[in-house]
Amino acid sequence: MGRLGGSVLLLAAMIAAAGAIDTVAGPQRLSAEPLRDGEWNASVSVSLADKKPISPLLFGIFFEEIGHAGDGGLYAELVQDRSFDALAAATGFLESSERQMRLDCPALLAAHHHPMEPLHAPWRNPSDKVYRSKAEYLQERRADTNYDPRNDIIVAWQPLPGTNADLTRDNPLNEHNRISMVLTAGAPGTPSGIANFGYWGVALQRGESYTVSLYLRTSESSSRNVTISLVSQDLATAYANVSFYGVGGSWRKFTGELTAAATDTNARLAILFDGPGTLQLDMVSLLPTENVRRGEGLLNPWPFRADLLGALKALEPAFMRFPGGCYIEGDWLRNAFRWKDSIGSWAERPGHLNGVWGYWSTDGLGLFEYMLLVEELQTEPIWVINNGVAHGDSVRGADIMPWVEEALDSIEFITGPADSKWGSVRAAMGHPEPWNLTWMAIGNEDCGKPFYLNNYLAFFGAIRAKYPHMRLVANCDMGQDAPTDVWDWHIYTNPTDMFNRRNEFNGRTPENSNYVFASEYAVTDGGGWGNVIGAISEAAFMTGMERNGDIVLLGAYAPLFVHWNNRPWPTNMIVINNHQWFGIPSYHVQQMFRQAQGTHYLATQVVTNPSTQVHEDKVAASATCQNQACDRVALKIVNFSSYRQRIAVTLSGTGSESILSEGELVFLYSDHPEDENSFDEPKKIAPSSAAMDGLSSQFTLKAEPVRTAVAAPQRLPSTNLDVTHAVDATLDVIQSSIEQLKSSYNNTPAHHQPASPPAAAHTPAAAEHHSPAVSPDGQRWIGEAQADGTILFRSLDTCCGHMVGEEADGTVTFHFD
Ligand code: AHR
């Protein structure tokens, strides 16, 4: 027998009844079989009496600007490099002090990856080594100290034959957008202009309206007329035209609507004019008119591509971490995501080189747009901010305060009243109502990098002092070094290791450990471009998240999106091109677990049967109450084995005797572990659901090889008061999991309590304020109250200094330790 796939079973009638999971056709009805002695490979025992609350934020998403997730992806802009900054970066003009640079476009296209390369084009390095994928290519290139991300920039503009194109700093559009394009016409009477490839083609839908806008001027004394066309790849067929008249000596914004006469997913936007003469242009934008309409009332159009927004909504994420990842760090600090450059009118955002992932970021998706997305998804924001640490350089402690101010200002931008300094900027962008913000992450994967500890302490102290409600995510468990509210845990691995990681958090409790945010997890090695076996093993890992859902507060698969034509990372939850998307099997697992995320974990034990022929430790399971009353239970069972498993399910505890016989099974399965979805077969691997009967407190289920199954919640009859009462008895302390977690936080023993601000009554003022104290030599120190009444101070200005101090009458006396 060849190697079979695997399965995830979700036994959860409620889920399918709600119709929230997008299932494909499967069997209509399945029957559980009675339990017979010894006739099972693994047993799953669930105790209805033994439960604990789990975090309501357990399953969320992580949006990072990687693989064109934003620009060319969720961001609705159809023109690539609308402000010519990518060209400027690719040619070196950006960093030069030249006034003007003539582009040798054929040479540029040859030196850079052609935007229309076939999907599986091999990536080559300068010595012509061929790689299987860009991911492989980038991995090796990055290890090379000479790696320069500018070489990976796509050249998206191509002048028409005979037209000269120059990047220029003359007559900038505005002070933030300082580079523009000057076209010089060829021979008089011949059409001149430039065409844009979009993001691997501009996707047009017949009859749909698109809004073009651009800024134009000319240096000629007479005014000029310009035509914008949506055209076929060979520029021979025009699908729509709009002409603008009277382009003069001053910059002016021209806007027009274009209705596509045909569907073409590989079209171009062309800007055409007649020579002789020159035309200067900047901020060339094309959006579905629907986005412009929906943006009424906002400073900028509605920023999201509708189908991809739908893909996210279908996940109903509990939170969204954004916008990185390495993206927020930058390869160098000069390329880090800085939120103040990402707000205001799109035409006034400078954009920046996304140096880690090798393309230009317009910053059209900026802090405002991320918060709009959070609002649209009705989810909890987790805003990751650069804390002065990039991959290649760091801000030293002595210089960190402006970065800390930037973080504080971002909180005001998001949450401040409309008449506050930064709240008023948000209001002017069309959102006077403040948003809520509770979570912020201080950097990404930066522990161990120079100045992280100092910078973290400065951020933590200042944010907590001004916004005591904030929960702050550290990049690792800071242990005794610094307070840890919650710390980031990342894993990218192979399927077997991922399956084994279901036990990763066992034994950690709020009493002995700091809270965990599994903010990035995925199978990247052996997971193909997103296959079944990877998804199944992630499902097993997620059962471990549920089991430990009192200490693992949040978790997210990563990365979220990738454009098929530019894949810097092998596995990504949602694969897109310019007009389609599909979820890899992991997408469906995420959706299955989120839809069946409960309020409590029910003690679930998996035991394998040593007396059967197939005896492997390859089954994972977890059960959750779907509501406070616990009258619906979801059981997730994962079969990671290459063999079919007969699973004996036992539900014990009060009320288990009155379980209804009807339930529902949602399952994800393939015979081939390497199976993947694709644009041609987007739902080759997707959950199916079936009504289940024959359920009782003991039954058997067959789990297909290497599949993931989530079984349906069992509805317990309301007449069974014992169960209801048993649950109610604990409800007064677990009204809301997160509230309970927060309060338990303040009751935990001192040795792992630094995550929370010390209780005011026991805290010397300097530590309580978390504002830096200044020692006689001018160094700044952040204090933390100790059990013995002293304050342990850590230096903000040197890497490793610490000292103790005592406070009397508001004055701190320092002693070196
Ligand atoms: O998810 C891709 C990258 O993996 C993230 O940017 C980074 O945090 C991690 O190394």
- Query: Has region 315-325 got at least one residue that is away from the ligand (no atom under 16 Å from the Cβ), touching a Phe, Trp or Tyr at 6+ places or on another chain (Cβ under 8 Å), touching a residue at least 12 places away in the same chain (Cβ under 8 Å) and more than 27 Å from F517 (Cα to Cα)?
  - Reply: no
- Of all residues in region 504-541 being within 16 Å of the ligand (Cβ to nearest atom) and among the polar types (S, T, N, Q), the one that is farthest from D675 (Cα to Cα): S519
- Task: Please name all residue pairs, on different chains or six or more residues apart, with Cβ atoms under 6 Å, provided the first residue is in region 518-545 and is assigned by TED's automatic domain parsing to the domain that holds R502 and the second residue is basic (K, R) and within 15 Å of the ligand (Cβ to nearest atom).
- Result: S519/R321
- Item | P381 being within 30 Å of K313 (Cα to Cα), of a type outside the set (A, V, I, L, M) and assigned by TED's automatic domain parsing to the domain that holds W487 | yes
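Hey, can you tell me all the residues within region 335-351 that are within 22 Å of N151 (Cβ to Cβ), away from the ligand (no atom under 16 Å from the Cβ) and touching a strand residue (DSSP E or B) at 6+ places or on another chain (Cβ under 8 Å)? Working first, answer last.
Keep residues of region 335-351 that are within 22 Å of N151 (Cβ to Cβ), which gives 335-337, 350-351.
This time we only want the ones that are away from the ligand (no atom under 16 Å from the Cβ), so: 350-351.
The one that is within 22 Å of N151 (Cβ to Cβ), away from the ligand (no atom under 16 Å from the Cβ) and touching a strand residue (DSSP E or B) at 6+ places or on another chain (Cβ under 8 Å): G351.
Out of D485, D481, report the one residue that is over 25 Å from W332 (Cβ atoms), surrounded by fewer than 21 Cβ atoms within 10 Å (Cβ to Cβ) and either outside the structural domain of N386 (by TED's automatic domain parsing) or more than 16 Å from the ligand (Cβ to nearest atom) (or both).
Matching residue, one of D485, D481: D481.
Which residue, of N436, N444, is touching a residue at least 24 places away in the same chain (Cβ under 8 Å), within 16 Å of the ligand (Cβ to nearest atom) and in contact with a helix residue (DSSP H, G or I) (Cβ under 8 Å, 6 or more places away or on another chain)?
On the way: N436 fails: within 16 Å of the ligand (Cβ to nearest atom).
None of the other options fit; the residue is N444.
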- Within region 206-218, can you find the residues that are touching an Asp or Glu at 6+ places or on another chain (Cβ under 9 Å) and closer than 25 Å to A261 by Cα? R206, E208, S209, Y210, T211, V212, L214
- Filter result (farther than 21 Å from L365 by Cβ and without any contact (Cβ under 8 Å) to a residue 24 or more places away in the chain) within region 406-431: G416, P417, A418, D419, S420, K421, S424
- Message: Filter region 233-277 down to the residues that are more than 36 Å from the chain's Cα centre (by Cα), of a type in the set (S, T, N, Q) and not in a loop (DSSP other than H, G, I, E, B) and list them by number.
- Response: N241, S243
- Query: Under the condition of being surrounded by 22 or more Cβ atoms within 10 Å (Cβ to Cβ) and among the basic types (K, R), which residue from region 292-328 is nearest to D446 (Cα to Cα)?
  - Reply: R321
- Within region 574-587, is even one residue open to solvent by less than 10 Å² (accessible area, probe 1.4 Å) and within 25 Å of A49 (Cβ to Cβ)? no
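Counting residues that are farther than 22 Å from Y327 by Cα, which strands (runs of 3 or more DSSP E) fully inside region 512-605 reach at least 1?
On the way: elements: 515-523, 552-557, 561-563, 574-576, 581-583.
Ranges flagged: 515-523, 552-557, 581-583.
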- Query: Does A270 satisfy the condition of being open to solvent by 10 Å² or more (accessible area, probe 1.4 Å) and not aromatic (F, W, Y)?
  - Reply: no
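The values are calculated or read from the model by the stated rules, or taken from the named source; none is laboratory data. Everything numeric in this text was worked out from a predicted model, so none of it was measured. Glycine gets a Cβ as well: all are built from the backbone with ideal geometry, and neighbour counts include every protein chain shown. When the accessible area is computed, the model is the full protein with side chains, heavy atoms only, and any ligands, DNA or RNA have been set aside. Shrake-Rupley method; radii C 1.70, N 1.55, O 1.52, S 1.80 Å.
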